[in-house]
Amino acid sequence: MQAGKRVGGYIYVHRDATALLPPAELQVLEIASALVGDVDWNVAKVSRNQVSFLIYEDFDQHAFPALLKAWTVSLSKNSVKETDYSRRNNPPILHRKELLLRPNDPRQPAFKAITRLAGEYGLFRENIGIGTRLAWNQRLEDAGLRVDGGLLVNAHSKPAVVKRKKTAIIRPGLSAPVALMLNLGVLRRGFSLFDYGCGLGRDVEILLENGFEAFGWDPGHRPDGLRQRADLVNLGFVVNVIENRHEREETLLDAWSYADRGMVVSVMLMAKADVSGHRPHGDGFLSSRSTFQKYFTQPELLEWVARTLGESAVSLGVGIVGVFRDKELEQEALYAKRSRATALAAMLSVPAREQRLPTARRAEGLPERIPELLQSLWESALTLGRLPTASEVDRLTSDGLAKARVSLRRALQACAALYDVSSLDEVAFARREDLLVHGALSLFPGATRYSALPLSLQRDIRHFYGSNQALLDEAAMALKGLRDSELVTATFARAAVSGTATCHDGVLRFSSKNEARLPAAIRIMVGCADIVAPGFSQCDALEVGPHSSKLKGFVCRDFEVPLPRIAEIVRVDLAKPHFSRHVVDDEVLYLKGRYMAAGDPATERQREIDSRLLKAGVVNEKGHGPRGRDLVGMLGRKG
């Protein structure tokens, strides 16, 4: 890691970064420092025979700091010359100040943003005359720019004070992106996590309390927090509160530089936003509390992350995308995202078989000695749909068995006696379907081609299919089966009978949060739609049919209310393939109960509301009804 800006035979470096100078320059600096004495400089200009100790205006407060004072030390003459620039009308100024700092200095994104904006306006094309304040300010004025303290802004933009620290919130539990990382298996024991822009640090605290390796940094609330490489980086609701688009991109790039395996980026979505009382500012909004929000759409977030980092990005959740250096981890995340086996294992409890009371005192058995270890093993078995191999047992459990001097084989035998092994069959069937979905999606045109499968999937494929080719052969048949109308109709009926979806007039309707519980064919359709229209699976409500190649998704302002307002409609045609997105105004998603699972506690109440709307004639059987602005008056007239 190096720091410093080379100009001619000199290197300029900030005092905070002098330790990164090459050994020869560092030695010269130390000798010159002894000659100049106690001087409170912030920038050094170093050559082999001469060092200037410079005092520039504060880097944080000035976009282009002016030189205030200089002490030039000549090593050959053993002399020191002092020059005062503070009273000069046209002092030298500093450009590209980020080059003088350490590469990992937290101010890098903001400073690079200033340089990028100046570069976009061509201010560095001719170097002659830009090294002094008056000439530089004239060039800024000619370009329609102005300096606002530590910022470079458009000359016609309205001054605004943005209070980023106010965006941090107190939350009782994990944030949505970190919880999702755990649920998808992206964050696991043995992986370290850097929470970049951690706010008040609640995620880090909870992870540490539960035995994970995690650390965080935040410019406003934890400026002294640890900043170092980690397996994973969480950039949670950070970029959306940065009002400068260049700094936004530089922050994304900076956070990515710390990620060894991958990074998860989360933002606020426009479709979920309430901007009433906010005023436009740049490409976002300012709230009444002077906080900034840049609202994204899911496709916009995917495209922006991919373009900025030069890496493919994948949709993981609503307003949450992942980008991975570890492509095997990426595959595991996408597999888990629509895995029915994972959802099923989470639903299944691990009740032990009923044990008979002993008639006589006997030696303590494994269930009494190592109950937590046996439960951990059984939870692994439920996740896999089979008994785990030694390499699939987490290190904590493996070490615990070794300490208790219990072999894995003996522990698994105890699990078989203690728990209901028949529950593995249901998970095993779901696991086999999950692999089929994964294989089918890998064959669909436009899908990402991976060079290798994760070991975890390789083991499952051998166990459930015998070989990868056997899986792909069946996956190809599954894709072909999507064109069989009778097969699709039967699949729709099976999904409706399960209670996870409803089917009316040949159209299957369901909530995206229940996608993983649907039959494999439906998940393949949705996954293919995700390839054609990135982010499609994050729509709140989904429809398939009446033709199996046609899918529709509804993005709602607040899907939790009985009559959600629609923000966007996405239509996908898998046969072409083609998709379209339409932003809609004041439309309502009627008969929401048709998209809800039968077991959902709110479903019965929602379907009662739907029934009353149908009886009152507010909405028809096809789900067509009035716009939102007309709905209130109509409901009042109908009582």
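The values are calculated or read from the model by the stated rules, or taken from the named source; none is laboratory data. Everything numeric in this text was worked out from a predicted model, so none of it was measured. Don't worry about glycine lacking a Cβ; one is built from the backbone with ideal geometry, like all the others, and counts go over all protein chains shown.
For the reader, a short list of remarks on this structure follows.
- Remark: ARG581 matches the filter, which requires a residue to be within 30 Å of the chain's Cα centre (by Cα), surrounded by 15 or more Cβ atoms within 10 Å (Cβ to Cβ) and touching a residue at least 24 places away in the same chain (Cβ under 8 Å).
- Positions within segment 281-307 being of a type in the set (D, E, K, R) and modelled with pLDDT under 90, in sequence order: ASP283, ARG289, LYS294
- Some residue of segment 53-72 being in a loop (DSSP other than H, G, I, E, B), in contact with a helix residue (DSSP H, G or I) (Cβ under 6 Å, 6 or more places away or on another chain) and aliphatic (A, V, I, L, M): yes
- Taken over segment 496-519, the residue count meeting the criterion of being buried (at least 23 other Cβ atoms within 10 Å of the Cβ) and hydrophobic (A, V, I, L, M, F, W, C) is 4.
- Flag for ALA179 being without any contact (Cβ under 8 Å) to a residue 24 or more places away in the chain, among the hydrophobic types (A, V, I, L, M, F, W, C) and within 26 Å of SER456 (Cα to Cα): yes
- Test: residue in segment 585-599 that is among the charged types (D, E, K, R), under 27 Å from the mean Cα position of the chain (by Cα) and either more than 21 Å from HIS504 (Cβ to Cβ) or assigned to a strand (DSSP E or B) (or both): no
- Candidate set: segment 443-495, residues that are over 29 Å from VAL544 (Cα atoms) and of a type in the set (D, E, K, R); chosen: the one surrounded by the fewest Cβ atoms within 10 Å (Cβ to Cβ): ARG462
- Residue count for segment 460-473, restricted to those that are out of contact with any Lys or Arg (no Cβ under 9 Å at 6 or more places or on another chain) and either assigned to a helix (DSSP H, G or I) or touching a residue at least 24 places away in the same chain (Cβ under 8 Å) (or both): 7.
- GLU392 vs. criteria modelled with pLDDT under 90 and closer than 14 Å to TYR419 by Cβ: no
- Lone unmet requirement of (1) outside any helix (DSSP H, G or I); (2) in contact (Cβ under 8 Å) with a residue 40 or more places away in the chain; (3) within 19 Å of LYS337 (Cβ to Cβ); (4) in the same structural domain as ALA567 (by TED's automatic domain parsing) for LEU551: (2)
- Taking first residues from segment 412-432 that are in a strand (DSSP E or B) and partners that are crowded, with 20+ Cβ neighbours inside 10 Å and among the hydrophobic types (A, V, I, L, M, F, W, C), the Cβ contacts under 6 Å between residues at least 6 apart in sequence or on separate chains come to TYR419/TRP378.
- Residues in segment 613-630 that are loosely packed, with under 15 Cβ neighbours inside 10 Å, more than 38 Å from the chain's Cα centre (by Cα) and of a type outside the set (S, T, N, Q): LYS615, ALA616, GLY617, GLU621, ASP630.
- Among residues of segment 374-408 being charged (D, E, K, R) and without any contact (Cβ under 8 Å) to a residue 24 or more places away in the chain, the one that is surrounded by the most Cβ atoms within 10 Å (Cβ to Cβ) is ASP399.
- Of the residues SER266, SER315, SER257, SER276, the single one that is out of contact with any helix residue (DSSP H, G or I) (no Cβ under 9 Å at 6 or more places or on another chain) and under 27 Å from PHE554 (Cα atoms) is SER276.
- Here the condition is being hydrophobic (A, V, I, L, M, F, W, C), closer than 24 Å to ASP610 by Cα and free of Cβ contacts under 8 Å to residues at least 40 places away in the same chain; of ALA501, ALA541, ALA496, it holds for ALA496 alone.
- The lone exception for ARG509 - which of (1) without any contact (Cβ under 8 Å) to a residue 12 or more places away in the chain; (2) outside any helix (DSSP H, G or I) it fails: (1)
- Selection of first residues in segment 34-60 that are of a type in the set (Asp, Glu) and of second residues that are modelled with pLDDT under 90, restricted to Cβ pairs under 7 Å at least 6 apart or on distinct chains, gives the following pairs, ordered by first then second residue: ASP60/GLY150.
- Beta carbons closer than 6 Å, at least 6 apart along the sequence or on distinct chains, pair a first residue in segment 203-215 that is assigned by TED's automatic domain parsing to the domain that holds ARG188 with a second that is assigned to a helix (DSSP H, G or I) for ASP203/VAL178; ALA214/VAL204; ALA214/LEU207; ALA214/LEU208.
- Selected residue (criterion: surrounded by the most Cβ atoms within 10 Å (Cβ to Cβ)) from residues of segment 204-249 that are assigned to a loop (DSSP other than H, G, I, E, B) and among the small types (Gly, Ala, Ser): GLY225
- Residue count, segment 102-127 (criterion: part of a helix (DSSP H, G or I) and closer than 22 Å to ALA143 by Cβ): 11
- Residues in segment 250-276 that are among the basic types (Lys, Arg) and outside any helix (DSSP H, G or I): ARG261 alone.
- Residue in segment 592-599 that is at pLDDT below 95 and among the basic types (Lys, Arg) present: no
- Looking only at segment 84-118, residues that are at pLDDT below 95 and surrounded by fewer than 13 Cβ atoms within 10 Å (Cβ to Cβ) come to 3 in all.
- Residue match in segment 20-40 (condition: assigned by TED's automatic domain parsing to the domain that holds LYS112 and under 30 Å from ARG139 (Cβ atoms)): no
- Residue in segment 50-57 that is under 39 Å from the mean Cα position of the chain (by Cα), under 21 Å from ALA143 (Cα atoms) and either surrounded by 18 or more Cβ atoms within 10 Å (Cβ to Cβ) or not assigned by TED's automatic domain parsing to the domain that holds ASP148 (or both) present: no
- Residue that is surrounded by the fewest Cβ atoms within 10 Å (Cβ to Cβ) [pool: residues in segment 1-19 that are in contact with an Asp or Glu (Cβ under 8 Å, 6 or more places away or on another chain) and in a helix (DSSP H, G or I)]: ASP16
- Among the candidates ILE31, ILE11, the residue that is of a type in the set (Val, Ile, Thr) and within 14 Å of LEU99 (Cβ to Cβ) is uniquely ILE11.
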